[in-house]
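The structure appears below as C-alpha cells.
The values are calculated or read from the model by the stated rules, or taken from the named source; none is laboratory data. Worth saying up front: this structure is predicted, and the values here are computed from it rather than measured. In this analysis, Cβ positions are derived from the backbone assuming ideal geometry, glycine residues included, and neighbour counts consider all displayed protein chains. The area values use the complete protein model at the heavy-atom level, side chains included, leaving out ligands, DNA and RNA. Shrake-Rupley method; radii C 1.70, N 1.55, O 1.52, S 1.80 Å.
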Amino acid sequence: MEFGKRNVIRYDENDYVYYICDLDGLVISYEKRVKQGKKCLWDYDIDINRIRGDIFSIPKDGRYRLPTGLAEDLQSELKRLQKELKRIRNEQKEIENELKNLKKSTIKTYMESVEASNTLSVKELKRHGELQNKAMKWLYQQGYVVASEWTLPNGRRADVVGFNENGRIVIIEVKVSQVDFLQDHKWRTYLDYCDEFYFLLHDDAVKAFWKIPEHPQCGLLSEHRQGLEIRNLDQLQHNIQKREELLFNISRSLAKKIVYGY
C-alpha cells in the first residue's frame, strides 16, 4: 500500500520498522483498498514469490505462514494469566465459603467473634501494657535479650519474646480478660518459633486457664509481688527450625524500636 506517499506510515531503514503517522488515514486507506478489491493482508505463498530475489529474505520457518506464529510467547503468557486468575477465583470462593460457615454457626457466636477484636477497653489496654512491661523485665532478669510486638515469620505478632546466650527462645502472650483469652486460638501458631510458651494472665483469665483441657499444657505466668512467677511449666511440643534466622529477626525487631521508636 502506498501509504508512505500520503504520510500515513513511515519506514525506518535503520530499524526496519514501519511507523504509523496517521492512524485515521491508515483506516481510510485500508477501507478504500478493500472496496477496490485490492489485497491488504500478507499471504506467504503469494508474496514470497513477489519479493523473491529482493535485498532481504523471508525465513523458511513455518510459523511465519500463520498470523499466530509470531505470537506464541504472548499466547503462552495469556494462558498463564488465565490459569492464575482461575486460582485466585478459587481462593476467593474458599474465603467466601469460610465466612458463610462462620455466619451460619449462630448469630450469637458470629457477633461474639466480631466483638472479640474490640474487647479491650481503655483500662484493659493500659493494664495490658503494664503486664507486657513486667514480662519484659522478668525475662531480662533471667538473662534474656527482650523485644515486644515481634512479628513472627508466619505474620502473627507475639506480645513479648526473648532469647538467652544459648539461643533459647521464649514467647509470652499477655491476656487481661477472660473473653480475650478464650477467643484466642492463634497461640498454637507460635509453638514452632519458640522453646517455651507462656500465657501471662490477669484476674479472671487465670481461672479460665484451667477450664480448657489443652491449656494446662501451656506455660502460665502470673503476678507475684513486684514481679512474676511461674504457675505452670510449658509441656507443649516445639519444633524450631532456622533458629539463627529467628534470633537475627528478633534482634532486628529490637533495633528497629531503638532506631525508629516503633
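Specify the residue that is surrounded by the most Cβ atoms within 10 Å (Cβ to Cβ); the eligible residues are those in the stretch 132-151 that are within 17 Å of Lys256 (Cβ to Cβ) and among the hydroxyl-bearing types (Ser, Thr, Tyr). Here the residue is Ser148. Can you work out which of the residues in the stretch 213-262 that are of a type in the set (Ser, Thr, Tyr) and open to solvent by 90 Å² or more (accessible area, probe 1.4 Å) is modelled with the highest pLDDT? Among them, the one singled out is Tyr260. The lone criterion from (1) in contact (Cβ under 8 Å) with a residue 60 or more places away in the chain; (2) crowded, with 20+ Cβ neighbours inside 10 Å left unmet by Phe197 is number (1). The strands (runs of 3 or more DSSP E) found wholly in the stretch 147-261 include none carrying at least 3 residues that are closer than 27 Å to Lys126 by Cβ and among the acidic types (Asp, Glu).
A count restricted to the stretch 174-186 and to residues that are surrounded by fewer than 19 Cβ atoms within 10 Å (Cβ to Cβ) and among the hydrophobic types (A, V, I, L, M, F, W, C) stands at 2.
Only residues that are open to solvent by 10 Å² or more (accessible area, probe 1.4 Å) and farther than 16 Å from Glu244 by Cα: list them for the stretch 152-173, please. Of everything in the stretch 152-173, those that are open to solvent by 10 Å² or more (accessible area, probe 1.4 Å) and farther than 16 Å from Glu244 by Cα turn out to be Asn154, Gly155, Arg156, Arg157, Asp159. Please indicate, with yes or no, whether at least one residue in the stretch 209-224 is in contact with a strand residue (DSSP E or B) (Cβ under 9 Å, 6 or more places away or on another chain), within 29 Å of Phe248 (Cβ to Cβ) and without any contact (Cβ under 8 Å) to a residue 60 or more places away in the chain. Checked the stretch 209-224: at least one residue is in contact with a strand residue (DSSP E or B) (Cβ under 9 Å, 6 or more places away or on another chain), within 29 Å of Phe248 (Cβ to Cβ) and without any contact (Cβ under 8 Å) to a residue 60 or more places away in the chain. Among the residues of the stretch 163-191, the ones that are modelled with pLDDT under 90, charged (D, E, K, R) and within 12 Å of Ala208 (Cβ to Cβ) come to 2 in all.
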